[in-house]
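The values are calculated or read from the model by the stated rules, or taken from the named source; none is laboratory data. In this text the structure is predicted, and so the values were computed from the model without any measurement. Positions of Cβ are generated from backbone atoms using ideal geometry, with glycine treated the same way; all protein chains shown enter the neighbour counts. Surface areas here come from the heavy atoms of the whole protein model, side chains and all, with no ligands, DNA or RNA. Shrake-Rupley method; radii C 1.70, N 1.55, O 1.52, S 1.80 Å.
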Amino acid sequence: MPTFFKPETIRLSCVDLSFEGLGVCKDNGRVVFVENMFPGEEADVEIAYQRAGSLFGRVVKLTKPSPDRIEPRCKVCSICGGCQFQQYAYKAQLSYKQSKVKEQFRKIAHMDVEVLPTLGMNDPYFYRNKIQMPFGLVGKGKVYCGFYKKGSHVIVPIEKCYIEDERAEKILQTVCSLMTSMQIRPYDELSGEGAIRYALIRTSKCFHDIMLTLVTASDRFASSERFLHALLETCPEITTVVQNVNPKKTNVILGERTKTLFGRGFIRDALCGVNFRISPKSFYQTNPTMTETLYEKAMDFAELMPNDVVFDAYSGIGTIGMIAAKRCKKAISVEIVREAARDAIANAKDNGIANFVSYADDASAFITRMACVGDHIDVLFMDPPRKGSDKRFLDAVIKLKPSRIVYVSCDPSTLARDVAYLSKSYKINKIQPVDLFPQTFHVETIVELTLKK
Ligand code: SAH
């Protein structure tokens, strides 16, 4: 819990940016983290609260702006929790991400590594293909949607988001106005009452597919048929609507059950010449333009040979494994979410890729069995979630001895930890950050490792 105290305002200089994109200021041996303050800037900062031994402040008056400070496109960027860097020049964002990766390797792996310059977007806006928003109620019943305010559960109303696919905007506004006119209540976290919890929209870059997932508190909600009919009349661009039921008091967005209300129940997209179907619960990268750059780099790093056996761990709908399968003898993928592993099988069939197999399993359990029976793999692609991999997985890798590993990660700190563990047997060749998340502090990184002789 944060400790609040009588505010104190002091003049501070920003010397760095933290892991989470906060300005780092020093004051007589104290470190103060300040939102929306960039290196080289000076400001009068109100120190607002203390959490886990660190002080947090906010800018009262900016006295010396950075040359990298720019006018943000979004009016609510300083209160909405979605972006941190709308006011920071894109070039500066990219170099921040490069040094952040280097810093995590220094801090966590105790390694001084060379990190390549971050690969960025030509136009770093409107890139997200997945949008999820909760709903709120104003006064007597006007429904609005938005993002949670930083660190809270207060919904900041958003009419236009500058990082989302622009096609989502009209659909979300239509959902809000239909909920208002049909008196369909948004779910209220405190009372547990109300019908609709979230709307999730997924758009395809290559096809005209758009999926709307309505997360509801119970199986049925009043006027659902009328609602669907009116929605599709106003937004005929929606190709499928699914309902996900989440009756639990939780901040996890999706519940167990999903049913298709309209259309096929999935969308299609294409990356690097392969078509994919994506079901509502399957993971799919949120920036398709940069995902192609990411996968192309990953393939370059893998230097696949026609006789190679490839293992794609944490595979989602099989994207990396299937792209690799076109250049090698065989690709095996493993993914824990059953629905995603099933998508991978359908995807291989749809694309006529016969040398690809997909299993629904825990990656550590699966690879440990491979190591026990002495299977052979030449190249390992691993792309775990934010928490990274685990010792069991990494020990099995060390036993299996693939000659190359391409580690794709969305969290440089767990990446540094895991690479440090692998470095007893593997040499780091290249570290490449890729900007999948412009305007935010997040960074995707690819590391190429080769087996030490
Ligand atoms: N490589 C894919 C997915 C990366 S996201 C892509 O580029 O699209 C990480 C994936 O790991 C998610 O699909 C998640 O469901 C899966 N995952 C998480 N924990 C896992 C585990 N223990 N074993 C296997 N897969 C896991």
* Asked: Could you list, in sequence order, the residues of the range 188-215 that are surrounded by fewer than 21 Cβ atoms within 10 Å (Cβ to Cβ) and within 18 Å of LEU261 (Cβ to Cβ)?
  -> TYR198, LEU200
* Can you tell me which residue in the range 63-119 is modelled with the lowest pLDDT, limited to those that are more than 25 Å from MET290 (Cα to Cα) and open to solvent by less than 60 Å² (accessible area, probe 1.4 Å)? -> VAL76
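Kindly indicate whether ILE158 is within 16 Å of PHE227 (Cα to Cα) and touching a Cys at 6+ places or on another chain (Cβ under 7 Å).
Values: within 16 Å of PHE227 (Cα to Cα): no; touching a Cys at 6+ places or on another chain (Cβ under 7 Å): yes.
Here the answer is no, as ILE158 does not meet what is asked.
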* Which of the residues belonging to the range 147-161 are in a loop (DSSP other than H, G, I, E, B) and open to solvent by less than 50 Å² (accessible area, probe 1.4 Å)? -> SER152, ILE158, CYS161
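Quick one: how many residues across the range 267-292 are touching a helix residue (DSSP H, G or I) at 6+ places or on another chain (Cβ under 7 Å) and either in contact (Cβ under 8 Å) with a residue 60 or more places away in the chain or open to solvent by less than 10 Å² (accessible area, probe 1.4 Å) (or both)? Quick ask: steps written out before the conclusion?
Of the range 267-292, the ones touching a helix residue (DSSP H, G or I) at 6+ places or on another chain (Cβ under 7 Å) are 269, 271-272, 274-279, 281-283, 285.
Cutting the leftovers down to either in contact (Cβ under 8 Å) with a residue 60 or more places away in the chain or open to solvent by less than 10 Å² (accessible area, probe 1.4 Å) (or both) gives us 269, 271, 274-279, 282, 285.
Matching residues across the range 267-292 total 10.
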* Go through the range 300-331 and give me each residue that's crowded, with 20+ Cβ neighbours inside 10 Å, more than 9 Å from the ligand (Cβ to nearest atom) and in a helix (DSSP H, G or I). => PHE301, ALA302, MET322, ILE323, ALA324, ALA325
* To do: Report the residue count in the range 357-397 for those that are farther than 23 Å from PRO412 by Cα and either out of contact with any strand residue (DSSP E or B) (no Cβ under 7 Å at 6 or more places or on another chain) or surrounded by fewer than 14 Cβ atoms within 10 Å (Cβ to Cβ) (or both).
  => 10
* Can you list the strands (runs of 3 or more DSSP E) found entirely within the range 171-289 that contain at least 1 residues being within 16 Å of the ligand (Cβ to nearest atom) and more than 21 Å from the chain's Cα centre (by Cα)? -> 257-262, 274-278
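Scan the range 14-28 and tell me whether some residue there is assigned to a loop (DSSP other than H, G, I, E, B), on the phi > 0 side of the Ramachandran plot and under 29 Å from the mean Cα position of the chain (by Cα).
Start the filter on the range 14-28 by keeping residues that are assigned to a loop (DSSP other than H, G, I, E, B), which leaves 18-22, 28.
Filter again for on the phi > 0 side of the Ramachandran plot, leaving 21, 28.
This time we only want the ones that are under 29 Å from the mean Cα position of the chain (by Cα), so: 21.
Yes, the range 14-28 contains a residue that is assigned to a loop (DSSP other than H, G, I, E, B), on the phi > 0 side of the Ramachandran plot and under 29 Å from the mean Cα position of the chain (by Cα).
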